[in-house]
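S.K.: One structure, as structure tokens, below. Some questions next.
The values are calculated or read from the model by the stated rules, or taken from the named source; none is laboratory data. Bear in mind that the values here come from a model prediction, so they are computed numbers and not experimental data. Glycine also receives a Cβ, built like all others from the backbone with ideal geometry; neighbour counts cover every protein chain displayed. Ligands, DNA and RNA are stripped out before the accessible areas are found, and what is left, the full protein with its side chains, is counted by its heavy atoms. Shrake-Rupley method; radii C 1.70, N 1.55, O 1.52, S 1.80 Å.
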Amino acid sequence: MANAKELILPLRGALVPVPAQPQDGVCSTCHSSAKPGYARCLPCAGAAADPPEILPITLSVHGELVHSHLRNYKDSPATGVRSRMSLRLAALLATFMANHAGCVGDWDYATCIPSATRVALQPVVSRIALFAGRCRQVLDATPDAEERVIDPDRFAVPVDVRGHRILLLDDTFVSGASMFSAAAALRGHGATIVGPVVIGRHIQPGWPPSAELLSWIAKRPWDAARCARCAGERLRASLF
Ligand SMILES: [Zn+2]
Ligand SMILES: [Zn+2]
């Protein structure tokens, strides 16, 4: 994707850097807002013991441009809109993977988290050269699973994944239920979870701790060379 930089341009101004952790007001698992004094946000605090640390590419502010891309790349009735938005998201994911391979860690193959009806991110991932021949669908969503409940049985693992390092990919992280369920299912079958990389960590600007976080971080430019693991934003410069 030679022109990834240009493809991302329409999204550039809407990308919000992801805060580093640990710092007060930031969830140690998903890097979104947490109540002051709490290590994790409510969805992550409800996860099973030892949830994987999520690596979001950007915060996705509810109702804004990134959020609308993360919905409409899969749900817009217009083919042209879906295709344009998918291309931009693919460029963003490809750029992120190229810049942060070391932050993501070593993996054998990538897998996208499916919903009961589809693997929405697959058409995005399949545009990216890095994933050519390195993407396997190893999760099947159980059709009658509760969407917002963390339950490893939400996903069947129909292939042998024991000892495999699997890069988990998803478009957006809202309640974390599907991400944490998928991670638990794969770990239960002996796989090691890498990443997990999500394009957008959804954030509701009306919730006071989120408003507080956005009040300083949304003013800072998103930088392709920095991520939450290698150089996430901090409210205050470190004293050390
Ligand atoms: Zn969290
Ligand atoms: Zn990084």
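S.K.: Could you name the lysines whose alpha carbon sits less than 30 Å from that of LYS5, not counting residues in the same chain fewer than 8 places away?
M.R.: LYS74, LYS219
S.K.: Given contacts defined as C-alpha pairs under 8 Å and at least six residues apart, what's the relative contact order of the chain, whole-number percent?
M.R.: It rounds to 28 percent for the chain.
S.K.: Whole number in Å², please: accessible area per residue of the chain, 1.4 Å probe, ligands, DNA and RNA not counted.
M.R.: Result: 47 Å² per residue.
S.K.: Over 13 Å apart: what share of the alpha carbon pairs of the stretch 1-50 falls there, rounded to a whole percent?
M.R.: 63
S.K.: In addition: Quick check on the chain: helices-only [θ] at 222 nm, where DSSP H runs of length 4 and up contribute -39,500 (n - 2.57) each and the sum goes over total residues. Nearest 500, please.
M.R.: -9000 deg cm²/dmol
S.K.: Another question about this same structure. Please sort through the DSSP H helices of the chain and keep those with an alpha-carbon extent of at least 27 Å along the long axis and a Kyte-Doolittle average not below -0.5.
M.R.: Working: long enough: 79-99 (30 Å, 0.61).
Those that pass (Cα extent of 27 Å or more, hydropathy at least -0.5) are 79-99.
S.K.: Further, regarding this structure: Hey, got the dipole for the stretch 1-59? About the Cα centre, +1 on K and R Cβ, -1 on D and E Cβ, debye to the nearest 20?
M.R.: 140
S.K.: Turning to a different aspect of this structure: Within the set of other residues whose C-beta is less than 15 Å from the C-beta of SER28, count the net charge using Lys and Arg as +1 and Asp and Glu as -1.
M.R.: Charge balance in the 15 Å sphere: +2.
S.K.: Could you tell me what percent of the DSSP beta bridges with both partners in the chain are antiparallel, to the nearest 5?
M.R.: For the chain, the DSSP antiparallel bridge percentage is about 15.
S.K.: Any chance you could tell me what percent of the C-alpha pair distances in the chain go past 22 Å?
M.R.: 51
S.K.: Another question, then. Could you order GLU64, GLU6, GLU53 so the one with the most accessible surface comes first? Probe is 1.4 Å.
M.R.: GLU6, GLU64, GLU53
S.K.: Give me the net charge of VAL138's neighbourhood, meaning all other residues with Cβ under 15 Å from the Cβ of VAL138; Lys, Arg count +1, Asp, Glu -1.
M.R.: Computed value for this residue: +2.
S.K.: Viscosity 1.567 mPa s, temperature 4 °C: what is the translational diffusion coefficient of the stretch 119-196 from Stokes-Einstein with a Kirkwood Rh over Cα pairs, rounded to a whole number of µm²/s?
M.R.: D = 99 µm²/s.
S.K.: Normalised by the number of residues in the stretch 144-215, what is the relative contact order in percent for Cα pairs under 8 Å and 6+ residues apart?
M.R.: Contact order relative to length: 35 percent.
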